[in-house]
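Colleague: Got a structure for you, written out below as structure tokens; questions coming shortly.
The values are calculated or read from the model by the stated rules, or taken from the named source; none is laboratory data. These figures come from a predicted structure and were not determined experimentally. Cβ: placed from backbone, ideal geometry, glycine included. Neighbour counts: every protein chain shown. Side chains included, ligands, DNA and RNA excluded: accessible areas come from the protein's heavy atoms. Shrake-Rupley method; radii C 1.70, N 1.55, O 1.52, S 1.80 Å.
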Amino acid sequence: GSLPKWVVNRVSQFVAPKAMKKIYKAGLKYPEWKRKHDPGYKPWVYPEQNTLPSVSLAELSVQHADSLENIDETGLTE
């Protein structure tokens, strides 16, 4: 279901700032971590380093938001 607006507003006042502080602290430690963990591996800069399989464009389809609203999930398991 959907959450009431007041719940989202209240949670965002506390959760978002804490999350941003943790992300900031992790970002400060990243250069040192990367120096120790395969510093030359940067597939976002060097696509030839990417080892993930490619997806054929024929396998992709455009989905519109209105078609996603009525998805039947009754047959799915938790």
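Colleague: Checking the structure you have, find out if any residue of the stretch 32-41 is modelled with pLDDT of 85 or more, assigned to a helix (DSSP H, G or I) and within 22 Å of the chain's Cα centre (by Cα). Steps first, please.
Modeller: So the first thing to find is which residues in the stretch 32-41 are modelled with pLDDT of 85 or more, and the list is 32-41.
Imposing the further condition that a residue be assigned to a helix (DSSP H, G or I) reduces the set to 32-36.
After this cut, where a residue has to be within 22 Å of the chain's Cα centre (by Cα) as well, the list is 33-34.
Yes; the residues of the stretch 32-41 include at least one that is modelled with pLDDT of 85 or more, assigned to a helix (DSSP H, G or I) and within 22 Å of the chain's Cα centre (by Cα).
Colleague: Testing Gly1 on (1) surrounded by 10 or more Cβ atoms within 10 Å (Cβ to Cβ); (2) modelled with pLDDT under 90, one condition comes back false. Which one is that?
Modeller: Single failed check for Gly1: (1).
Colleague: Next question. Among the basic types (Lys, Arg), at pLDDT 95 or above and on the phi < 0 side of the Ramachandran plot: is that true of Lys21 in this structure? Don't jump to the end; show me each part of the working.
Modeller: Details: among the basic types (Lys, Arg): yes; at pLDDT 95 or above: yes; on the phi < 0 side of the Ramachandran plot: yes.
Considered against the rule, which asks whether it is among the basic types (Lys, Arg), at pLDDT 95 or above and on the phi < 0 side of the Ramachandran plot, Lys21 comes out as yes.
Colleague: Which one of these is part of a helix (DSSP H, G or I) and open to solvent by 80 Å² or more (accessible area, probe 1.4 Å): Ala58, Ala16?
Modeller: On the way: Ala16 fails: open to solvent by 80 Å² or more (accessible area, probe 1.4 Å).
Going through Ala58, Ala16 in turn, just one is part of a helix (DSSP H, G or I) and open to solvent by 80 Å² or more (accessible area, probe 1.4 Å): Ala58.
Colleague: Another question, then. Exactly one of these conditions fails for Leu28: (1) farther than 30 Å from Asn70 by Cα; (2) aliphatic (A, V, I, L, M); (3) open to solvent by less than 100 Å² (accessible area, probe 1.4 Å); (4) assigned to a helix (DSSP H, G or I). Give me its number.
Modeller: (3)
Colleague: Would you confirm, using the coordinates I've provided, whether Gln49 is open to solvent by less than 90 Å² (accessible area, probe 1.4 Å) and within 22 Å of the chain's Cα centre (by Cα)? Even if it seems obvious, please write down each step before you answer.
Modeller: Numbers: open to solvent by less than 90 Å² (accessible area, probe 1.4 Å): yes; within 22 Å of the chain's Cα centre (by Cα): yes.
So Gln49 passes the test.
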